[in-house]
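Since the structure comes first, as C-alpha coordinates, the remarks are kept for the end.
The values are calculated or read from the model by the stated rules, or taken from the named source; none is laboratory data. Everything numeric in this text was worked out from a predicted model, so none of it was measured. A quick note on method: Cβ atoms are made from the backbone with ideal geometry, for glycine too, and the neighbour counts reach across all protein chains shown. Heavy atoms of the whole protein, side chains included, go into the accessibility calculation; ligands, DNA and RNA do not. Shrake-Rupley method; radii C 1.70, N 1.55, O 1.52, S 1.80 Å.
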Amino acid sequence: MKYLFYSLSIFLTYSTFGQTNCVEGFAGVYPCNKVNLLSYMNFSAIGGITNTEGNDCWGWTDPLTNKEYAIMGCTTHTAFIDISNPTNPIYVGKVSSHNNVRSIWRDIKVYNNYAFIVSEASGHGMQVFDLTRLRNVTTPQIFTPDTRYSGFGNCHNIAINEATGFAYCIGTSTFSGGPHVVNIQNPLNPIFSFGYSAQGYTHDAQIVIYNGPDTQHNGKEIYFGCNEDKVIVLDVTNKLNPILLSTFFYSNTGYTHQGWLTQNKKYYIVGDEQDETSFGINTRSIVIDMTDLDQPVLKFDYLGTTPSIDHNGYTTANKFHLANYRAGYRVIDISGIDVSQMNEVAYFDTYPANNTANYNGAWSVYPYFSSGSIVVSDIDRGFFLVKLDPSLTTTEFAQNDFKIFPNPANFNITITSDINIEKIEIFDLLGKNVFMKDKLISNSEIVDISTLQSGIYILKCNENNIQKLIIK
(Lines give C-alpha, C1' and ligand atoms only; values in the text may rest on other atoms or scores of the structure.)
Protein backbone atom coordinates (compact mmCIF):
# COMPACT_ATOMS: atom_id res chain seq x y z
CA MET A 1 0.00 0.00 0.00
CA LYS A 2 2.84 2.41 0.84
CA TYR A 3 4.42 1.63 -2.53
CA LEU A 4 1.12 2.34 -4.27
CA PHE A 5 0.79 5.80 -2.72
CA TYR A 6 4.45 6.55 -3.40
CA SER A 7 3.93 5.62 -7.06
CA LEU A 8 0.80 7.75 -7.14
CA SER A 9 2.63 10.82 -5.83
CA ILE A 10 5.42 10.39 -8.39
CA PHE A 11 2.94 9.88 -11.24
CA LEU A 12 0.95 12.99 -10.39
CA THR A 13 3.96 15.30 -10.30
CA TYR A 14 4.07 15.35 -14.09
CA SER A 15 2.14 18.27 -15.59
CA THR A 16 1.34 16.34 -18.76
CA PHE A 17 1.60 12.77 -19.96
CA GLY A 18 0.44 10.85 -23.00
CA GLN A 19 -1.32 7.64 -23.85
CA THR A 20 -1.60 5.05 -21.09
CA ASN A 21 -3.79 2.06 -21.89
CA CYS A 22 -5.99 0.39 -19.31
CA VAL A 23 -4.17 -2.83 -18.44
CA GLU A 24 -5.26 -5.19 -15.66
CA GLY A 25 -7.47 -2.55 -14.10
CA PHE A 26 -5.11 0.42 -14.19
CA ALA A 27 -3.95 3.15 -16.58
CA GLY A 28 -0.86 4.24 -14.70
CA VAL A 29 -2.24 4.82 -11.20
CA TYR A 30 -5.82 5.38 -12.31
CA PRO A 31 -8.27 2.52 -11.75
CA CYS A 32 -10.08 1.74 -14.99
CA ASN A 33 -12.15 -0.73 -16.92
CA LYS A 34 -12.27 -0.61 -20.73
CA VAL A 35 -11.34 3.08 -20.88
CA ASN A 36 -7.88 4.11 -22.10
CA LEU A 37 -6.14 7.33 -21.13
CA LEU A 38 -5.10 9.30 -24.22
CA SER A 39 -3.52 12.25 -22.42
CA TYR A 40 -3.55 14.34 -19.26
CA MET A 41 -2.70 17.98 -18.44
CA ASN A 42 -2.72 19.52 -14.99
CA PHE A 43 -3.78 23.09 -14.29
CA SER A 44 -0.34 24.62 -14.72
CA ALA A 45 -0.28 23.17 -18.25
CA ILE A 46 -3.63 24.75 -19.20
CA GLY A 47 -3.16 28.30 -17.96
CA GLY A 48 -3.84 27.81 -14.29
CA ILE A 49 -2.36 29.80 -11.44
CA THR A 50 -2.04 29.07 -7.73
CA ASN A 51 -4.95 27.00 -6.41
CA THR A 52 -6.79 26.83 -9.73
CA GLU A 53 -9.48 24.14 -9.75
CA GLY A 54 -11.60 22.64 -12.53
CA ASN A 55 -15.28 22.56 -13.34
CA ASP A 56 -17.24 22.26 -16.59
CA CYS A 57 -16.11 21.07 -20.03
CA TRP A 58 -17.45 21.15 -23.57
CA GLY A 59 -16.08 20.77 -27.09
CA TRP A 60 -15.86 22.34 -30.53
CA THR A 61 -14.91 20.93 -33.92
CA ASP A 62 -13.60 23.48 -36.40
CA PRO A 63 -15.80 23.10 -39.53
CA LEU A 64 -12.95 24.36 -41.74
CA THR A 65 -10.12 22.12 -40.53
CA ASN A 66 -12.06 19.38 -38.65
CA LYS A 67 -9.70 19.93 -35.71
CA GLU A 68 -11.20 19.07 -32.36
CA TYR A 69 -10.83 21.42 -29.40
CA ALA A 70 -11.62 20.75 -25.76
CA ILE A 71 -12.96 23.64 -23.69
CA MET A 72 -12.44 23.41 -19.95
CA GLY A 73 -13.73 25.71 -17.26
CA CYS A 74 -11.54 26.55 -14.29
CA THR A 75 -11.95 28.73 -11.23
CA THR A 76 -9.80 31.41 -12.84
CA HIS A 77 -10.44 31.09 -16.57
CA THR A 78 -11.68 29.06 -19.53
CA ALA A 79 -8.98 26.99 -21.26
CA PHE A 80 -8.87 25.93 -24.93
CA ILE A 81 -6.96 22.78 -25.87
CA ASP A 82 -6.25 21.47 -29.38
CA ILE A 83 -6.85 17.71 -29.20
CA SER A 84 -6.56 16.96 -32.93
CA ASN A 85 -3.59 14.80 -31.89
CA PRO A 86 -5.25 13.24 -28.84
CA THR A 87 -2.06 11.75 -27.41
CA ASN A 88 -0.27 15.09 -27.63
CA PRO A 89 -2.80 17.86 -26.86
CA ILE A 90 -1.74 21.48 -27.21
CA TYR A 91 -2.89 24.23 -24.85
CA VAL A 92 -3.86 27.12 -27.14
CA GLY A 93 -4.89 29.79 -24.66
CA LYS A 94 -7.51 31.06 -22.25
CA VAL A 95 -10.18 33.64 -21.57
CA SER A 96 -9.82 34.94 -18.02
CA SER A 97 -12.78 35.24 -15.70
CA HIS A 98 -14.40 38.69 -15.98
CA ASN A 99 -12.42 41.13 -13.83
CA ASN A 100 -10.31 38.10 -12.79
CA VAL A 101 -12.89 37.14 -10.16
CA ARG A 102 -12.56 33.48 -9.17
CA SER A 103 -15.43 31.05 -8.91
CA ILE A 104 -15.68 27.27 -8.68
CA TRP A 105 -18.77 27.52 -10.94
CA ARG A 106 -18.20 28.19 -14.62
CA ASP A 107 -20.16 26.77 -17.53
CA ILE A 108 -19.62 26.81 -21.30
CA LYS A 109 -21.70 25.92 -24.32
CA VAL A 110 -21.08 26.40 -28.06
CA TYR A 111 -23.23 27.85 -30.83
CA ASN A 112 -22.29 28.78 -34.39
CA ASN A 113 -18.51 28.63 -33.70
CA TYR A 114 -18.75 30.82 -30.60
CA ALA A 115 -18.24 29.83 -26.97
CA PHE A 116 -20.68 31.30 -24.44
CA ILE A 117 -19.26 31.40 -20.92
CA VAL A 118 -21.07 32.12 -17.66
CA SER A 119 -19.95 31.94 -14.03
CA GLU A 120 -21.10 32.50 -10.47
CA ALA A 121 -18.29 35.08 -10.21
CA SER A 122 -19.79 38.41 -9.18
CA GLY A 123 -20.64 40.66 -12.14
CA HIS A 124 -19.43 38.10 -14.69
CA GLY A 125 -22.25 38.22 -17.23
CA MET A 126 -21.99 36.07 -20.37
CA GLN A 127 -18.69 36.17 -22.25
CA VAL A 128 -18.81 35.47 -25.99
CA PHE A 129 -15.67 34.20 -27.71
CA ASP A 130 -15.12 33.52 -31.41
CA LEU A 131 -13.61 30.03 -31.52
CA THR A 132 -12.20 30.50 -35.01
CA ARG A 133 -9.55 32.71 -33.36
CA LEU A 134 -7.97 29.44 -32.18
CA ARG A 135 -6.85 28.68 -35.72
CA ASN A 136 -3.13 29.00 -36.44
CA VAL A 137 -2.22 29.91 -32.86
CA THR A 138 1.43 28.90 -32.31
CA THR A 139 1.96 30.05 -28.71
CA PRO A 140 -0.60 30.13 -25.89
CA GLN A 141 -2.62 33.32 -25.82
CA ILE A 142 -4.62 35.22 -23.22
CA PHE A 143 -7.69 36.09 -25.27
CA THR A 144 -10.21 38.82 -24.59
CA PRO A 145 -13.88 38.02 -25.24
CA ASP A 146 -15.39 39.34 -28.46
CA THR A 147 -18.34 40.71 -26.54
CA ARG A 148 -20.09 40.36 -23.20
CA TYR A 149 -23.76 40.27 -22.31
CA SER A 150 -24.40 42.15 -19.05
CA GLY A 151 -28.13 41.55 -18.57
CA PHE A 152 -27.21 39.59 -15.43
CA GLY A 153 -24.13 39.27 -13.24
CA ASN A 154 -23.62 35.85 -11.70
CA CYS A 155 -25.06 32.84 -13.52
CA HIS A 156 -24.81 29.21 -12.50
CA ASN A 157 -25.33 27.49 -15.84
CA ILE A 158 -26.09 27.91 -19.52
CA ALA A 159 -28.00 25.70 -21.94
CA ILE A 160 -28.25 26.48 -25.65
CA ASN A 161 -30.74 25.21 -28.18
CA GLU A 162 -28.47 25.20 -31.22
CA ALA A 163 -31.48 24.61 -33.51
CA THR A 164 -33.03 27.98 -32.62
CA GLY A 165 -30.15 30.14 -31.41
CA PHE A 166 -31.44 30.87 -27.91
CA ALA A 167 -29.28 30.68 -24.78
CA TYR A 168 -31.06 29.76 -21.56
CA CYS A 169 -29.03 31.28 -18.74
CA ILE A 170 -30.11 29.72 -15.47
CA GLY A 171 -29.42 30.29 -11.82
CA THR A 172 -28.97 34.04 -12.19
CA SER A 173 -30.20 36.66 -9.73
CA THR A 174 -32.98 37.50 -12.20
CA PHE A 175 -36.36 35.75 -12.60
CA SER A 176 -35.96 33.93 -9.27
CA GLY A 177 -33.13 31.93 -10.84
CA GLY A 178 -35.38 30.63 -13.60
CA PRO A 179 -34.34 30.85 -17.27
CA HIS A 180 -33.06 34.24 -18.43
CA VAL A 181 -33.28 33.69 -22.16
CA VAL A 182 -31.05 35.48 -24.68
CA ASN A 183 -31.32 35.54 -28.47
CA ILE A 184 -27.80 34.70 -29.72
CA GLN A 185 -28.61 34.20 -33.39
CA ASN A 186 -26.13 37.01 -33.96
CA PRO A 187 -23.51 35.92 -31.42
CA LEU A 188 -21.85 39.32 -31.34
CA ASN A 189 -25.14 41.04 -30.52
CA PRO A 190 -26.92 38.99 -27.84
CA ILE A 191 -30.40 40.34 -27.10
CA PHE A 192 -32.66 39.61 -24.13
CA SER A 193 -35.69 37.54 -25.15
CA PHE A 194 -37.70 36.62 -22.06
CA GLY A 195 -37.55 35.30 -18.52
CA TYR A 196 -39.54 32.70 -16.62
CA SER A 197 -39.85 32.69 -12.83
CA ALA A 198 -43.09 30.81 -12.11
CA GLN A 199 -41.34 27.54 -11.14
CA GLY A 200 -38.42 29.13 -9.32
CA TYR A 201 -34.73 28.32 -9.60
CA THR A 202 -33.44 26.07 -12.38
CA HIS A 203 -30.08 24.44 -11.74
CA ASP A 204 -29.57 22.85 -15.16
CA ALA A 205 -31.61 22.34 -18.32
CA GLN A 206 -31.78 20.86 -21.80
CA ILE A 207 -33.79 22.48 -24.58
CA VAL A 208 -34.65 20.74 -27.83
CA ILE A 209 -36.88 20.92 -30.86
CA TYR A 210 -38.93 17.96 -29.80
CA ASN A 211 -39.30 14.92 -32.06
CA GLY A 212 -40.18 12.14 -29.67
CA PRO A 213 -42.97 9.73 -28.83
CA ASP A 214 -45.44 12.40 -27.70
CA THR A 215 -46.43 13.42 -31.23
CA GLN A 216 -48.74 16.14 -29.91
CA HIS A 217 -45.64 18.20 -29.18
CA ASN A 218 -43.46 17.33 -32.16
CA GLY A 219 -41.86 20.39 -33.72
CA LYS A 220 -42.16 22.47 -30.55
CA GLU A 221 -39.27 23.92 -28.55
CA ILE A 222 -39.35 22.08 -25.22
CA TYR A 223 -37.42 22.96 -22.07
CA PHE A 224 -36.52 20.22 -19.56
CA GLY A 225 -35.38 21.82 -16.30
CA CYS A 226 -33.95 20.45 -13.05
CA ASN A 227 -35.44 22.77 -10.44
CA GLU A 228 -33.90 21.75 -7.10
CA ASP A 229 -36.77 19.53 -5.91
CA LYS A 230 -38.50 18.64 -9.18
CA VAL A 231 -38.25 18.41 -12.96
CA ILE A 232 -40.25 20.84 -15.06
CA VAL A 233 -41.27 20.56 -18.71
CA LEU A 234 -42.00 23.83 -20.53
CA ASP A 235 -43.17 24.64 -24.03
CA VAL A 236 -41.06 27.66 -24.92
CA THR A 237 -42.00 27.80 -28.60
CA ASN A 238 -43.79 31.12 -28.11
CA LYS A 239 -41.27 33.27 -26.28
CA LEU A 240 -44.04 35.63 -25.23
CA ASN A 241 -46.08 32.85 -23.67
CA PRO A 242 -44.11 29.90 -22.24
CA ILE A 243 -46.47 27.11 -21.19
CA LEU A 244 -45.86 24.75 -18.28
CA LEU A 245 -46.65 21.23 -19.50
CA SER A 246 -45.83 19.30 -16.33
CA THR A 247 -43.85 19.01 -13.13
CA PHE A 248 -42.39 15.74 -11.90
CA PHE A 249 -41.53 14.88 -8.30
CA TYR A 250 -39.78 11.76 -7.03
CA SER A 251 -39.12 10.16 -3.65
CA ASN A 252 -35.98 10.62 -1.53
CA THR A 253 -35.23 13.99 -3.07
CA GLY A 254 -31.97 15.61 -2.09
CA TYR A 255 -31.24 18.16 -4.83
CA THR A 256 -32.53 17.76 -8.39
CA HIS A 257 -29.32 18.64 -10.16
CA GLN A 258 -29.03 17.77 -13.87
CA GLY A 259 -30.66 15.62 -16.52
CA TRP A 260 -30.34 14.58 -20.16
CA LEU A 261 -32.69 13.00 -22.67
CA THR A 262 -32.04 9.69 -24.35
CA GLN A 263 -31.49 10.04 -28.07
CA ASN A 264 -35.07 8.98 -28.90
CA LYS A 265 -36.46 11.56 -26.40
CA LYS A 266 -38.37 8.84 -24.57
CA TYR A 267 -36.53 9.05 -21.26
CA TYR A 268 -34.96 11.81 -19.18
CA ILE A 269 -32.15 10.59 -16.90
CA VAL A 270 -31.79 12.78 -13.80
CA GLY A 271 -29.01 13.02 -11.26
CA ASP A 272 -29.75 14.11 -7.70
CA GLU A 273 -26.63 15.62 -6.16
CA GLN A 274 -27.51 15.07 -2.51
CA ASP A 275 -29.43 11.78 -2.29
CA GLU A 276 -26.28 9.72 -1.78
CA THR A 277 -25.26 11.73 1.30
CA SER A 278 -28.82 12.25 2.57
CA PHE A 279 -30.03 8.66 2.28
CA GLY A 280 -26.83 6.58 2.32
CA ILE A 281 -27.39 4.98 -1.08
CA ASN A 282 -25.11 4.27 -4.01
CA THR A 283 -25.04 6.65 -6.97
CA ARG A 284 -28.64 6.97 -8.14
CA SER A 285 -29.95 7.98 -11.57
CA ILE A 286 -33.70 8.61 -11.80
CA VAL A 287 -35.11 7.48 -15.14
CA ILE A 288 -38.28 9.38 -16.10
CA ASP A 289 -40.57 8.10 -18.85
CA MET A 290 -41.37 11.12 -21.03
CA THR A 291 -43.69 9.31 -23.45
CA ASP A 292 -46.36 11.81 -22.35
CA LEU A 293 -44.78 15.21 -21.76
CA ASP A 294 -47.93 16.36 -19.98
CA GLN A 295 -47.75 13.47 -17.52
CA PRO A 296 -44.22 12.04 -17.07
CA VAL A 297 -43.90 8.99 -14.82
CA LEU A 298 -41.08 7.25 -13.02
CA LYS A 299 -39.64 4.37 -15.05
CA PHE A 300 -37.10 3.14 -12.48
CA ASP A 301 -34.11 4.13 -10.37
CA TYR A 302 -30.67 2.93 -11.41
CA LEU A 303 -28.18 2.42 -8.58
CA GLY A 304 -24.51 2.53 -9.49
CA THR A 305 -21.58 0.51 -8.23
CA THR A 306 -20.17 3.03 -5.73
CA PRO A 307 -21.45 5.46 -3.06
CA SER A 308 -20.02 8.47 -4.93
CA ILE A 309 -22.14 11.50 -5.79
CA ASP A 310 -23.27 11.88 -9.39
CA HIS A 311 -22.80 15.22 -11.12
CA ASN A 312 -23.25 15.70 -14.89
CA GLY A 313 -24.42 12.99 -17.29
CA TYR A 314 -24.93 12.86 -21.08
CA THR A 315 -26.27 10.25 -23.46
CA THR A 316 -25.09 8.88 -26.78
CA ALA A 317 -26.87 6.14 -28.76
CA ASN A 318 -26.84 3.38 -26.14
CA LYS A 319 -24.67 4.83 -23.40
CA PHE A 320 -24.99 7.16 -20.46
CA HIS A 321 -21.72 8.99 -19.75
CA LEU A 322 -21.58 10.10 -16.13
CA ALA A 323 -19.16 12.35 -14.27
CA ASN A 324 -19.38 10.69 -10.87
CA TYR A 325 -17.19 12.92 -8.66
CA ARG A 326 -14.79 10.66 -6.66
CA ALA A 327 -15.74 7.61 -8.76
CA GLY A 328 -14.51 9.43 -11.88
CA TYR A 329 -16.03 8.82 -15.31
CA ARG A 330 -18.58 6.01 -15.52
CA VAL A 331 -20.04 4.46 -18.69
CA ILE A 332 -23.47 2.88 -18.38
CA ASP A 333 -25.12 0.74 -21.06
CA ILE A 334 -28.72 1.93 -21.54
CA SER A 335 -29.66 -0.35 -24.44
CA GLY A 336 -32.06 -2.16 -22.09
CA ILE A 337 -33.66 0.96 -20.64
CA ASP A 338 -37.07 0.00 -22.07
CA VAL A 339 -37.04 -3.04 -19.79
CA SER A 340 -35.63 -1.08 -16.83
CA GLN A 341 -32.05 -2.29 -17.29
CA MET A 342 -28.92 -0.17 -17.06
CA ASN A 343 -25.48 -1.69 -16.51
CA GLU A 344 -22.11 -0.12 -15.87
CA VAL A 345 -19.74 -1.38 -18.56
CA ALA A 346 -16.65 0.82 -18.16
CA TYR A 347 -15.02 3.48 -16.02
CA PHE A 348 -11.96 5.67 -15.59
CA ASP A 349 -11.41 6.82 -12.02
CA THR A 350 -9.78 10.26 -11.97
CA TYR A 351 -9.76 10.25 -8.14
CA PRO A 352 -7.85 7.09 -7.20
CA ALA A 353 -7.85 7.55 -3.42
CA ASN A 354 -11.44 6.42 -2.77
CA ASN A 355 -15.04 6.50 -4.01
CA THR A 356 -16.66 8.16 -1.01
CA ALA A 357 -19.52 10.65 -1.28
CA ASN A 358 -17.58 13.93 -1.36
CA TYR A 359 -17.25 16.81 -3.80
CA ASN A 360 -13.95 15.99 -5.48
CA GLY A 361 -12.99 14.32 -8.74
CA ALA A 362 -14.84 14.33 -12.05
CA TRP A 363 -17.06 17.37 -12.57
CA SER A 364 -18.18 16.82 -16.15
CA VAL A 365 -17.68 14.84 -19.34
CA TYR A 366 -18.01 15.63 -23.06
CA PRO A 367 -18.60 12.48 -25.20
CA TYR A 368 -19.61 13.99 -28.55
CA PHE A 369 -16.42 14.21 -30.64
CA SER A 370 -16.63 12.18 -33.86
CA SER A 371 -13.12 10.81 -33.19
CA GLY A 372 -14.34 9.07 -30.05
CA SER A 373 -12.11 11.18 -27.79
CA ILE A 374 -13.90 11.98 -24.52
CA VAL A 375 -13.08 14.93 -22.28
CA VAL A 376 -13.26 14.53 -18.51
CA SER A 377 -12.79 17.63 -16.36
CA ASP A 378 -11.56 16.96 -12.84
CA ILE A 379 -11.88 19.45 -9.97
CA ASP A 380 -8.58 18.54 -8.35
CA ARG A 381 -6.34 17.23 -11.12
CA GLY A 382 -7.25 18.98 -14.36
CA PHE A 383 -7.85 17.79 -17.91
CA PHE A 384 -8.19 14.15 -18.94
CA LEU A 385 -8.72 12.87 -22.48
CA VAL A 386 -9.87 9.26 -22.68
CA LYS A 387 -11.34 6.81 -25.17
CA LEU A 388 -13.50 3.74 -24.80
CA ASP A 389 -12.07 0.33 -25.54
CA PRO A 390 -13.02 -0.74 -29.11
CA SER A 391 -15.16 -3.57 -27.71
CA LEU A 392 -17.54 -0.92 -26.34
CA THR A 393 -17.81 1.29 -29.40
CA THR A 394 -19.47 -1.10 -31.82
CA THR A 395 -22.85 0.30 -30.77
CA GLU A 396 -21.83 3.64 -32.20
CA PHE A 397 -20.92 2.37 -35.68
CA ALA A 398 -24.30 3.23 -37.19
CA GLN A 399 -27.58 4.90 -36.49
CA ASN A 400 -29.57 2.18 -34.79
CA ASP A 401 -33.07 1.51 -36.08
CA PHE A 402 -33.48 -1.53 -33.87
CA LYS A 403 -33.17 -2.63 -30.24
CA ILE A 404 -31.91 -5.79 -28.55
CA PHE A 405 -33.04 -7.05 -25.16
CA PRO A 406 -31.92 -8.43 -22.88
CA ASN A 407 -28.30 -7.49 -23.50
CA PRO A 408 -26.23 -9.08 -21.92
CA ALA A 409 -28.19 -12.31 -22.47
CA ASN A 410 -27.97 -16.07 -21.81
CA PHE A 411 -30.45 -17.95 -23.97
CA ASN A 412 -32.72 -15.80 -26.15
CA ILE A 413 -32.72 -12.23 -27.35
CA THR A 414 -35.59 -10.24 -28.80
CA ILE A 415 -34.85 -7.79 -31.62
CA THR A 416 -37.41 -5.07 -32.33
CA SER A 417 -37.43 -2.35 -34.96
CA ASP A 418 -39.57 0.46 -36.33
CA ILE A 419 -38.81 -0.89 -39.79
CA ASN A 420 -39.08 -4.41 -41.18
CA ILE A 421 -36.34 -6.80 -40.08
CA GLU A 422 -35.21 -8.69 -43.17
CA LYS A 423 -31.91 -10.28 -42.13
CA ILE A 424 -30.05 -10.94 -38.87
CA GLU A 425 -26.37 -11.91 -38.65
CA ILE A 426 -24.07 -12.42 -35.66
CA PHE A 427 -20.27 -12.24 -35.94
CA ASP A 428 -17.57 -12.95 -33.40
CA LEU A 429 -14.78 -10.41 -32.88
CA LEU A 430 -12.61 -12.20 -35.47
CA GLY A 431 -15.27 -11.50 -38.09
CA LYS A 432 -16.56 -15.07 -38.35
CA ASN A 433 -20.27 -15.37 -39.08
CA VAL A 434 -21.71 -17.55 -36.30
CA PHE A 435 -25.43 -17.00 -36.97
CA MET A 436 -27.58 -15.96 -39.91
CA LYS A 437 -31.32 -15.75 -40.42
CA ASP A 438 -32.81 -14.13 -43.51
CA LYS A 439 -35.99 -13.86 -45.59
CA LEU A 440 -37.71 -12.21 -42.64
CA ILE A 441 -40.51 -9.65 -42.76
CA SER A 442 -41.42 -8.51 -39.25
CA ASN A 443 -40.78 -5.85 -36.63
CA SER A 444 -39.82 -8.34 -33.93
CA GLU A 445 -37.70 -11.49 -33.90
CA ILE A 446 -36.61 -13.88 -31.16
CA VAL A 447 -33.14 -15.37 -31.64
CA ASP A 448 -31.85 -18.45 -29.79
CA ILE A 449 -28.24 -17.78 -28.74
CA SER A 450 -27.90 -20.68 -26.31
CA THR A 451 -25.41 -22.50 -28.56
CA LEU A 452 -22.98 -19.57 -28.69
CA GLN A 453 -20.11 -19.31 -26.24
CA SER A 454 -19.88 -16.49 -23.72
CA GLY A 455 -18.25 -13.36 -25.08
CA ILE A 456 -18.70 -10.20 -27.14
CA TYR A 457 -20.31 -10.41 -30.57
CA ILE A 458 -21.40 -8.03 -33.30
CA LEU A 459 -25.05 -8.26 -34.32
CA LYS A 460 -25.94 -6.93 -37.76
CA CYS A 461 -29.55 -6.25 -38.68
CA ASN A 462 -30.40 -5.77 -42.37
CA GLU A 463 -27.36 -4.25 -44.05
CA ASN A 464 -26.44 -1.11 -42.15
CA ASN A 465 -27.37 -1.47 -38.48
CA ILE A 466 -24.78 -2.82 -36.05
CA GLN A 467 -24.84 -3.32 -32.31
CA LYS A 468 -22.71 -5.05 -29.73
CA LEU A 469 -24.17 -8.23 -28.22
CA ILE A 470 -22.82 -9.67 -24.95
CA ILE A 471 -23.50 -13.35 -24.22
CA LYS A 472 -23.01 -14.32 -20.59
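Things to note:
- Residues of segment 342-382 that are over 23 Å from Ala79 (Cβ atoms) and out of contact with any helix residue (DSSP H, G or I) (no Cβ under 7 Å at 6 or more places or on another chain): Met342, Asn343, Glu344, Tyr347, Ala353, Asn354, Asn355, Thr356, Asn358.
- Among (1) touching a residue at least 24 places away in the same chain (Cβ under 8 Å); (2) over 20 Å from Tyr268 (Cα atoms); (3) open to solvent by 50 Å² or more (accessible area, probe 1.4 Å) - the single one Pro390 does not satisfy: (1)
- Evaluation of Ser246 against (1) surrounded by fewer than 20 Cβ atoms within 10 Å (Cβ to Cβ); (2) farther than 30 Å from Lys319 by Cβ (one fails), failing number: (2)
- For segment 421-472, filtering for residues that are at pLDDT 85 or above, more than 25 Å from Pro390 (Cβ to Cβ) and among the hydrophobic types (A, V, I, L, M, F, W, C) leaves 1.
- Phe116 vs. criteria surrounded by 17 or more Cβ atoms within 10 Å (Cβ to Cβ), aromatic (Phe, Trp, Tyr) and in contact (Cβ under 8 Å) with a residue 60 or more places away in the chain: yes
- Test: residue in segment 141-163 that is under 24 Å from Asp378 (Cα atoms) and touching a Pro at 6+ places or on another chain (Cβ under 7 Å): no
- Taking segment 274-296 as the range and being surrounded by fewer than 17 Cβ atoms within 10 Å (Cβ to Cβ) and in contact (Cβ under 8 Å) with a residue 40 or more places away in the chain as the test, the residues that pass are Thr277, Thr291, Asp292, Asp294, Gln295.
- Residue in segment 258-270 that is modelled with pLDDT under 95, in a loop (DSSP other than H, G, I, E, B), under 24 Å from Val365 (Cβ atoms) and open to solvent by 10 Å² or more (accessible area, probe 1.4 Å) present: yes
- Subset of segment 322-335 [over 17 Å from Asn282 (Cα atoms) and either at pLDDT 95 or above or under 12 Å from the mean Cα position of the chain (by Cα) (or both)]: Asp333, Ile334
- The conditions of being surrounded by 19 or more Cβ atoms within 10 Å (Cβ to Cβ) and not hydroxyl-bearing (Ser, Thr, Tyr) are met by Phe224.
- Qualifying residue in segment 141-164 (condition: touching a helix residue (DSSP H, G or I) at 6+ places or on another chain (Cβ under 6 Å), modelled with pLDDT of 95 or more and under 30 Å from Asp289 (Cβ atoms)): no
- Among the candidates Ile160, Ile184, residue that is surrounded by 17 or more Cβ atoms within 10 Å (Cβ to Cβ), touching a residue at least 60 places away in the same chain (Cβ under 8 Å), among the hydrophobic types (A, V, I, L, M, F, W, C) and closer than 25 Å to Asn113 by Cβ: Ile184
- Selection within segment 356-387 - closer than 28 Å to Gly455 by Cα, in contact with a Pro (Cβ under 9 Å, 6 or more places away or on another chain) and open to solvent by 30 Å² or more (accessible area, probe 1.4 Å): Ser371, Lys387
- Filter result for Cys32 (open to solvent by less than 10 Å² (accessible area, probe 1.4 Å), within 16 Å of Tyr366 (Cβ to Cβ) and touching a strand residue (DSSP E or B) at 6+ places or on another chain (Cβ under 8 Å)): no
- Screening Asn211 on (1) under 21 Å from Ile334 (Cα atoms); (2) at pLDDT 95 or above; (3) open to solvent by 20 Å² or more (accessible area, probe 1.4 Å) shows it passes everything except condition (2).
- Selection status of Thr78, within 22 Å of the chain's Cα centre (by Cα) and among the β-branched types (Val, Ile, Thr): yes
- Some residue of segment 43-55 being under 24 Å from Ala159 (Cα atoms) and either in a helix (DSSP H, G or I) or open to solvent by less than 10 Å² (accessible area, probe 1.4 Å) (or both): yes
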